[in-house]
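Trainee: Please find one structure pasted underneath; my questions will follow.
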Amino acid sequence: MPFVTAAVCLLYYLMICRYVGRWNSTFSRFWICCGLVSVCYGIAGGWFPTVMIQALSFAWILFWVVILAVWIRMAVFGHRQAAGNLEYLIVLGAKVDGTRITSSLKLRLDRAYTYATANPSVRIVVSGGRGRGEDIPEAKAMADYLVSRGMKRERIFLEDQSSTTEENLRFTAQMLPGLVTRRVGVVTNSFHIYRACLLGKQVGYKRLFSVPAGSEPVLYFNYVVREALAVLMLPLKRYIIRH
């Protein structure tokens, strides 16, 4: 069984690499680690006392049970219907290849465009700075994409300094005073929306609503595990900040 698990993990890693066209996609190396741990367990498992093997097996099963529990909560948020009469949409940034919108980010922008088309009074904040491998800030690429689809540029605000989800939300609130008390929607992929809403509440948004976009099927499970771990780390981060 450990070798079957290892094979599945390594095959999933290769599938991710083939899909995105590179070897270092976000979080993908987690599956290499899982595969190697499974191989080591299969080879050396007989060398350890039975009690230790049972404890390790229990810890491994518990890990995936916790991930499943968090995923269920994430799935609920990811399938919610977007609220109406929102005043602003905050579209969270994602990786840009040079100046090109990536597929995950395109899903977010297309969702924001659809909502904005149906709600002409809503204003859009595109949020994301310039990271490694990006020729322009994510916010600039996002705004250009929306304008290319026909959206009026005066409806779009750019927050182009952030590098994390928390900064997306915090810097946007600082840029638009009073925003935290308004009816605001946060737009991101379904696997990401739960953590984004949790962080928004921590930042201080009073009326924050989820506007989930779609997710790429091949990458979904990879990002689900990453996001679940990030959600589980939030209490620890709050404790560190307070102390």
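Trainee: Restricting to DSSP H runs of at least four residues, report the calculated mean residue ellipticity at 222 nm for the chain, -39500 (n - 2.57) per run over all residues, nearest 500 deg cm²/dmol.
Mentor: Numbers: 8 runs with 139 residues, N = 243.
Per the formula, -19500 deg cm²/dmol.
Trainee: Shifting gears a bit: Could you tell me how far the Cα centroid of region 142-176 sits from the Cα centroid of region 54-71, in Å?
Mentor: What the calculation gives is 38 Å, centre to centre.
Trainee: In whole Å and largest first, what semi-axes does the C-alpha gyration tensor of the chain yield when each eigenvalue is scaled by 5 and square-rooted?
Mentor: Numbers: eigenvalues 276, 83, 47 Å².
Semi-axis lengths for the chain are 37, 20, 15 Å.
Trainee: If you don't mind, there's one more thing I want to ask. Past 24 Å, Cα to Cα: identify those pairs from K152/K206; K106/K237; K106/K140, in the order given.
Mentor: On the way: K152/K206 28 Å; K106/K237 30 Å; K106/K140 14 Å.
Those over the limit are K152/K206; K106/K237.
Trainee: Now, a different point. I'd like the FRET efficiency for W64 and M15, computed as 1/(1 + (r/R0)^6) with the beta carbon distance as r and R0 of 22 Å, rounded to 0.05. Each step should come with its number before you reach the end.
Mentor: Numbers: r = 20 Å, r/R0 = 0.89.
Efficiency at R0 = 22 Å is approximately 0.65.
Trainee: Beyond 22 Å, how much of the Cα-Cα pair distribution for region 50-174 remains, as a whole percent? Before the final figure, lay out the partial values.
Mentor: On the way: 3681 of 7750 pairs.
Cα-Cα pairs in region 50-174 separated by more than 22 Å: 47 percent.
Trainee: Less than 13 Å Cβ to Cβ from S163, Lys/Arg counted +1 and Asp/Glu -1: what total charge do the surrounding residues give? Mind showing how you got there, number by number?
Mentor: Details: positive: K95, R130, R132, R170; negative: E134, E138, E159, D160, E166, E167.
Local charge sum for S163: -2.
Trainee: Next question. Can you pull the percent of the chain's accessible area that's carbon plus sulfur, 1.4 Å probe, other chains left in place? The partial results should precede the final answer.
Mentor: Numbers: 8230 of 13090 Å².
On the chain, the fraction of accessible area on carbon and sulfur atoms equals 63 percent.
Trainee: When ligands, DNA and RNA are left out and all protein chains stay put, how many square angstrom of accessible area per residue does region 115-243 have with a 1.4 Å probe?
Mentor: Values: 6230 Å² over 129 residues.
Roughly 48 Å² per residue, with all protein chains present.
Trainee: Got a sec? Which residues in region 206-220 would a label at T26 touch, if it sits 7 Å along Cα→Cβ and we count backbone N under 19 Å?
Mentor: 210-220
Trainee: Taking the chain as a whole, which cysteines find no other cysteine Cβ under 4.7 angstrom from their Cβ?
Mentor: Lone cysteines by the Cβ rule: C17, C33, C40, C197.
Trainee: By how many nm would the segment from I43 to Q161 grow when fully extended, if each residue of separation counts as 0.36 nm and the alpha-carbon distance is taken off? Don't skip to the answer; put the middle values down first.
Mentor: Values: separation 118, 0.36 × 118 = 42.48 nm, distance 4.81 nm.
Additional length available on full extension: 37.7 nm.
Trainee: A further question follows. Which one, A82, T99, Q54, projects farthest toward the positive side of the charge dipole computed for region 49-194 from Cβ point charges (K/R +1, D/E -1)?
Mentor: About the Cα centre, the residue reaching furthest to the positive side is A82.
Trainee: What helices in the chain pass both tests, a Cα length along the helix axis of 30 Å or more and a mean Kyte hydropathy of -0.5 or higher, using whole DSSP H runs?
Mentor: Membrane-span-like by this criterion, though nothing is claimed about a membrane: 50-78, 217-242.
The values are calculated or read from the model by the stated rules, or taken from the named source; none is laboratory data. No experiment lies behind these values; they were computed from the predicted model shown. Neighbour counts run over all protein chains shown; Cβ positions are idealised from the backbone, glycine included. The accessibility values were calculated without ligands, DNA or RNA, using every heavy atom of the protein model including side chains. Shrake-Rupley method; radii C 1.70, N 1.55, O 1.52, S 1.80 Å.
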